[in-house]
Amino acid sequence: QVQLVESGGGLVQPGGSLRLSCAASGIIFRINDMGWYRQAPGKQRELVAVITSSGSTYYAGSEEGRFTISRDNAKNTVYLQMNSLKPEDTGVYYCNADIASTMFTRGINYWGQGTQVTVSS
C-alpha cells in the first residue's frame with residue numbers, strides 16, 4: 001500500500017509565495033516521475049509540472065519561471081515552490097507519482113488527496 005500526503009496549501013495574497021510538499025510512504029522500491037496537477041473551480045484537472053527520477057523537469061504552462069518543482073529522493077518527497085502567485089493559480093493541487101513496490105513490478109500511478117491553494121486579496 002502506498003500513500004501520497006500533500007501539505008503546504010493555504011490562502012495567500014497576490015504576489016505571495018507558497019511551498020507545497022508531497023511525501024510518499026508505504027511499500028516503495030522505486031519512484032519514477034513525480035508531478036503536480038491543479039484543478040481550478042469549474043475546470044478539469046491539468047498538469048502543472050513533472051520531475052523525473054534523475055531530476056529533469058517539465059512545466060506544462062506559463063508557470064515556469066514562477067514555479068519550481070524539485071524532489072528529495074531520500075525522503076520520497078516532491079516539492080512545488082510557487083512564487084509571484086496570481087489569482088488564476090487558485091485551485092486544488094494534487095500530487096501524482098509513478099511508484100513500483102518491487103523490482104519485479106511496473107510502476108502504478110498514485111494520487112494525493114489534494115491541497116487547496118487560494119490566491120486572493
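The values are calculated or read from the model by the stated rules, or taken from the named source; none is laboratory data. Here the structure is a predicted model, which is why all the values come from computation and not from measurement. We place every Cβ from the backbone using ideal geometry, glycine too, and count neighbours over all the protein chains shown. Only protein heavy atoms, including side chains, enter the accessible area calculation; ligands, DNA and RNA are left aside. Shrake-Rupley method; radii C 1.70, N 1.55, O 1.52, S 1.80 Å.
For segment 82-119, a tally of residues being touching a residue at least 24 places away in the same chain (Cβ under 8 Å), open to solvent by 60 Å² or more (accessible area, probe 1.4 Å) and either in contact with a helix residue (DSSP H, G or I) (Cβ under 9 Å, 6 or more places away or on another chain) or closer than 19 Å to S54 by Cα (or both) returns 2.
Restricting attention to segment 1-15, which residues are in a loop (DSSP other than H, G, I, E, B) and either within 14 Å of N109 (Cα to Cα) or open to solvent by less than 20 Å² (accessible area, probe 1.4 Å) (or both)? Hit for segment 1-15 is Q1, nothing else. So which residues in segment 99-117 are farther than 17 Å from E46 by Cα and not in a loop (DSSP other than H, G, I, E, B), if there are any at all? If the condition is that a residue be farther than 17 Å from E46 by Cα and not in a loop (DSSP other than H, G, I, E, B), then I99, A100, I108 are the ones that fit.
Search segment 65-81 for residues being of a type outside the set (V, I, T) and surrounded by 14 or more Cβ atoms within 10 Å (Cβ to Cβ), and hand back the single one that is farthest from Q113 (Cα to Cα). The qualifying residue farthest from Q113 (Cα to Cα) is R66. Tally time: how many residues in segment 75-98 are more than 11 Å from R38 (Cβ to Cβ), outside any strand (DSSP E or B) and not basic (K, R)? Total satisfying the criteria: 5. Applying the set (1) touching a Lys or Arg at 6+ places or on another chain (Cβ under 8 Å); (2) farther than 19 Å from I28 by Cβ; (3) loosely packed, with under 14 Cβ neighbours inside 10 Å to G55 leaves exactly one unmet item: (2). Restricting the first member to segment 49-60 and to residues that are in a strand (DSSP E or B), and the second to residues that are of a type in the set (K, R), the beta-carbon pairs closer than 9 Å and six or more apart or on different chains are I51/R71.
When residues in segment 16-28 are screened for being under 17 Å from R66 (Cα atoms), assigned to a strand (DSSP E or B) and touching a Leu at 6+ places or on another chain (Cβ under 6 Å), 1 of them pass.
Would you tally the residues in segment 20-49 being among the β-branched types (V, I, T) and crowded, with 20+ Cβ neighbours inside 10 Å?
So the first thing to find is which residues in segment 20-49 are among the β-branched types (V, I, T), and the list is 27-28, 31, 48.
Those still in the list that are crowded, with 20+ Cβ neighbours inside 10 Å too: 31, 48.
Count: 2.
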